[in-house]
Amino acid sequence: MKELEFAQIIKDLGGTAYRVGGSIRNQLLGIAVNDNDYAVIGISQDVFVQTFPSAVQVGQSFPVFLLEIDGEKCEVAFARTERKTGTGHKGFEVDFSSDITIEEDLARRDFTINAIAYDIIGQQIIDPFNGTKDIHNKIIRATSEAFKEDPLRVYRAARFAAQLGFDVDSKTIEMFTDSSLQEDMDTLSVERIFVELQKALESPHPEKFFQVLKEGTCLPIHFK
């Protein structure tokens, strides 16, 4: 199934399909896109499953499906919002009802450079947080104050800096120093932190990973 065919089926069901996340960022950067992720709004999970019986659900906390599009197994998720209910990386209550908008979905994403969507049928970029501008200026910026609710985002910011050679903006660095966020960082598993570290060490600018953590006074939490 081609991407346009997939999007047209979703439209015929009364919804909209968007290409989202890292693939949009990398395309704007001129970096090779290895895989595409999609977000769907305006239809229910039941309708999606009935329409695409070959889709395999992989998400546990919220519906994410693997579906073959353009010859690749792609992730298709329902647009969602999140509300902090506990500590750590997974302490969230998720709403993925069919009336969630793409703008609401983008608002819960970590950085403006990742909060960009492409309307496949409408052929237009949805960029409510000026992520395109930040990509041009090589800046990693938190999409909102909700950044502080997920401690893993600190390590993701440092890893993206290493991979892309970008700087983290000063207001986002200030968020790193929040005492409750730093306490929450202690709940992260060593294995999950190592995933981010490994990606950073394999990046063009691995030193930036440690520089960013040091600037945000987070380096001693796990790297003593």
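Values as computed for the structure displayed
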{"item": "First in the stretch 128-140 and touching a residue at least 40 places away in the same chain (Cβ under 8 Å), second anywhere and open to solvent by less than 60 Å² (accessible area, probe 1.4 Å) and outside any helix (DSSP H, G or I), Cβ under 8 Å, 6 or more apart", "result": "GLY131/PHE111; GLY131/ALA115; GLY131/ILE116; THR132/ILE116"}
{"item": "Subset tally (residues that are open to solvent by less than 40 Å² (accessible area, probe 1.4 Å), farther than 21 Å from LEU164 by Cα and either touching a helix residue (DSSP H, G or I) at 6+ places or on another chain (Cβ under 6 Å) or of a type in the set (Ser, Thr, Tyr) (or both)) for the stretch 98-125", "result": "1"}
{"item": "Which numbered condition ASP95 misses (of (1) touching a strand residue (DSSP E or B) at 6+ places or on another chain (Cβ under 8 Å); (2) surrounded by 19 or more Cβ atoms within 10 Å (Cβ to Cβ))", "result": "(2)"}
{"item": "Pair list, Cβ under 8 Å, 6 or more apart: the stretch 27-40 residue in a strand (DSSP E or B), other residue surrounded by 12 or more Cβ atoms within 10 Å (Cβ to Cβ) and among the aromatic types (Phe, Trp, Tyr)", "result": "TYR38/PHE6; TYR38/TYR18; ALA39/TYR18; ALA39/PHE78; VAL40/TYR18; VAL40/PHE48; VAL40/PHE78"}
{"item": "Some residue of the stretch 38-55 being within 27 Å of GLY165 (Cα to Cα) and modelled with pLDDT of 95 or more", "result": "yes"}
{"item": "Filtered residue count, the stretch 128-157, keeping only those that are open to solvent by 40 Å² or more (accessible area, probe 1.4 Å) and modelled with pLDDT of 95 or more", "result": "10"}
{"item": "Test: residue in the stretch 119-140 that is within 15 Å of the chain's Cα centre (by Cα), among the acidic types (Asp, Glu) and not in a loop (DSSP other than H, G, I, E, B)", "result": "no"}
{"item": "Given (1) of a type in the set (A, V, I, L, M); (2) without any contact (Cβ under 8 Å) to a residue 40 or more places away in the chain; (3) over 13 Å from PHE147 (Cβ atoms), number of the condition LEU181 does not satisfy", "result": "(3)"}
{"item": "Identity of the residue in the stretch 33-50, open to solvent by 70 Å² or more (accessible area, probe 1.4 Å) and over 15 Å from the mean Cα position of the chain (by Cα), that ends up farthest from PHE65 (Cα to Cα)", "result": "ASN34"}
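The values are calculated or read from the model by the stated rules, or taken from the named source; none is laboratory data. Note that the coordinates shown come from a computational prediction; the quantities given were computed from them, not determined experimentally. Because the Cβ atoms are built from the backbone with ideal geometry, glycine has one as well, and the counts that use them run over all protein chains shown. Remember, those area values only see protein heavy atoms, side chains included, never the ligands or the DNA or RNA. Shrake-Rupley method; radii C 1.70, N 1.55, O 1.52, S 1.80 Å.
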